[in-house]
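Colleague: Starting off with a structure, shown below.
Derivation of every value follows stated rules applied to the coordinates shown; laboratory data play no part. The structure displayed is predicted, hence computed values, not measured ones. Cβ sites come from the backbone with ideal geometry, for glycine too, and all protein chains shown count toward neighbours.
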Amino acid sequence: MVEYDKRLSQAIELDERYYLNTFGRRVPFCPDHGDGIWLYGTDGKRYMDMIGGIAVNVVGHARPELTQAICRQAGNVIHCSNYYYNEPQSQLAEKLSQSFGGGRVFICNSGAEANEGAIKLARGYFHKQSKPRTKIVSALMSFHGRTLAAATVTGQPKYSQPFAPLPEGFVHIPYNDCDALRQAVTDDTCAVMLELIQGESGVRPATAEFAKLAAELCERTGARLIIDEIQTGMGRTGHFYAYEGYGIKPDIVTLAKGLAGGVPVGALIANEETAKGFAPGDHGSTFGGNPLACAASLAVLSVYENESLVRKAGQLGRYTNEKLRHLADKTGKINEVRGQGLMIGIELKSDKAVDIKHKMFDMGFLVGSVGANIIRLLPPLIIEQEQIDLFMEKFEQAVAEVL
Ligand SMILES: Cc1ncc(COP(=O)(O)O)c(C=O)c1O
């Protein structure tokens, strides 16, 4: 039996006694505080955070600008109802609209909620024209969130079937299957909803052909194209939105995760035409877009501007990818290195992703694993090349020792 420090032992005990058992046994680590790319456990041990709260801690931990913005806003006003105007909310709406090349913004609290809003908006758009369309086409193995409609649009029945009856009108096709997409999208399709890199199912990118076809079919049939950039957005792929790299433009984009660097914020952004789908009273959220969350997000976006984090994510992503491919050639133990920018999946030839994860943990590195054979990296975008070099040195050691 491994002995844990007192605080960690207590956290485990309370979690096992009182928390709903939605996560099973977790990695035996409880962060006490962080600093940039580093997290320090309750035992004082330092870990390099290569998973970044699953693509959330984009500006690292305890980033002074973010901490100060949160404290400043908390000292003024944390919350105000939607009865009133809200300065940080309107400023964030302007910034997000500009990031999308114009259009309207709704701010909520999570990714699932952003996708729920997008689904409602697409249906509302056709309803308002008295030509209702309900069918939403999405991909198998996708992940769009845990609320009922978001779980149903997610193309993995394990997330929705146990909670049936489910909302109707959702159709799933195999990812990157152009023929299936052509057959599924017809004149009565309301929307096509896609991730351009499927994150949760193992970092699987859409082919250029599939993404372009989705845009073309939506254009032809009038269906709304919804791109879920909850994981791929916020510059992670080296573009602020992954769709920029595909040369397509959705009608609605959804964001969350890194949008406020860890403060819970989600958003949907729609072009002016699609935004007609909501009239006053159609949608809302008590906490969504509250001053605290929006001030945090504005601080994150200003760090992005000052430090060119999107460009940096592209450069360092290419660097990491090259190093990993070199390791794959050298060792013969890695099947494939996938992803874009700092969204990286490493498919091992053997089913030992969890063993590698544990080995890296023992060496002081936090990484993710998907299924039996995929290691996932989603580090903060403020990571430096020397830190990647350090990670690579230890990862190579783990591969040599475990595989
Ligand atoms: C692509 C994508 N969409 C939606 C979600 C759901 O976001 P949230 O957990 O904030 O509801 C996730 C979360 O992993 C995601 O990766």
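Colleague: Given DSSP loops and a limit of at most 12 other Cβ atoms within 10 Å, what is the longest stretch of the chain that contains no such chymotrypsin sites (Phe, Trp or Tyr not before Pro)? Walk me through the numbers before you get to the answer.
Modeller: Values: sites that count: TYR19, PHE23, TYR83, TYR84, TYR85.
My reading of the result: 86-403 is the longest stretch.
Colleague: Also, I was wondering about something else. Over all distinct Cα pairs, what is the inverse of the mean 1/r for the stretch 248-400, reported as the Kirkwood hydrodynamic radius in Å?
Modeller: 18.0 Å
Colleague: Now a separate question. Between LEU148 and LYS6, what is the spin-label point distance in nm, taking each point 7 Å from the Cα along the Cα→C-beta axis?
Modeller: Roughly 4.7 nm, to one decimal.
Colleague: Please tell me which of these pairs span more than 26 angstrom C-alpha to C-alpha: LYS45/LYS158; LYS323/LYS349; LYS45/LYS394; LYS131/LYS257; LYS158/LYS323? Intermediate values should be presented prior to the final figure.
Modeller: Details: LYS45/LYS158 37 Å; LYS323/LYS349 18 Å; LYS45/LYS394 16 Å; LYS131/LYS257 34 Å; LYS158/LYS323 35 Å.
Exceeds cut-off: LYS45/LYS158; LYS131/LYS257; LYS158/LYS323.
Colleague: Can you tell me what percent of all Cα-Cα pairs in the chain are more than 27 Å apart?
Modeller: Of all Cα-Cα distances in the chain, 52 percent exceed 27 Å.
Colleague: What is the mean projected area of the alpha carbon convex hull for the stretch 1-83, to one decimal in square nanometres?
Modeller: On the way: hull surface 33.5 nm².
About 8.4 nm², averaged over all directions.
Colleague: Going by how many other Cβ atoms sit within 10 Å of their own, how do VAL399, VAL171, VAL27 line up, fewest first?
Modeller: Working: VAL399 21, VAL171 16, VAL27 10.
Going from least to most buried by this count: VAL27, VAL171, VAL399.
Colleague: Cα convex hull of the stretch 137-214: how many Å³ per residue?
Modeller: Values: hull volume 6.2 nm³, N = 78.
So the per-residue Cα hull volume is 79 Å³.
Colleague: Evaluate E = 1/(1 + (r/R0)^6) for TYR319 and THR134, where r is the Cβ-Cβ distance and R0 equals 56 Å; express this FRET efficiency to the nearest 0.05.
Modeller: Details: r = 46 Å, r/R0 = 0.81.
With R0 = 56 Å, the Cβ-Cβ based efficiency is 0.80.
Colleague: Give the order of ASP282, ASP362, ASP228 when sorted by the count of other beta carbons within 10 angstrom, beginning with the fewest. Intermediate values should be presented prior to the final figure.
Modeller: Details: ASP282 13, ASP362 9, ASP228 33.
So the residues, fewest neighbours to most, are ASP362, ASP282, ASP228.
Colleague: Let me ask something additional. What net charge is computed for the residues neighbouring GLY345, neighbours being all others with C-beta under 10 Å from the C-beta of GLY345, Lys and Arg scored +1, Asp and Glu -1?
Modeller: Details: positive: ARG204, ARG338, ARG376; negative: GLU336, GLU347.
Charge balance near GLY345 sits at +1.
Colleague: If I take R0 = 51 Å and measure r between the Cβ atoms of LYS212 and LYS45 in this structure, what FRET efficiency does the formula 1/(1 + (r/R0)^6) give, to the nearest 0.05? Walk me through the intermediate numbers first.
Modeller: Working: r = 47 Å, r/R0 = 0.93.
According to the calculation, E is roughly 0.60.
Colleague: Return the FRET efficiency for the residue pair ARG311, SER350: r is the Cβ-Cβ distance, R0 is 41 Å, and the value is rounded to the nearest 0.05. Don't skip to the end; give the middle numbers.
Modeller: Details: r = 36 Å, r/R0 = 0.88.
That pair, ARG311 with SER350, gives E of 0.70.
Colleague: Now for a separate question. Order by neighbour count: ARG311, ARG236, fewest other Cβ atoms within 10 Å first, most last. Please list the in-between numbers first.
Modeller: Working: ARG311 13, ARG236 33.
Ranked by crowding around the Cβ, least crowded first: ARG311, ARG236.
Colleague: Now a separate question. How are the C-alpha pair distances of the stretch 73-307 spread across 5 Å bins, as whole percents from the shortest bin up?
Modeller: Pair shares across the bins are 1, 7, 15, 20, 20, 17, 11, 6, 2, 1, 0, 0.
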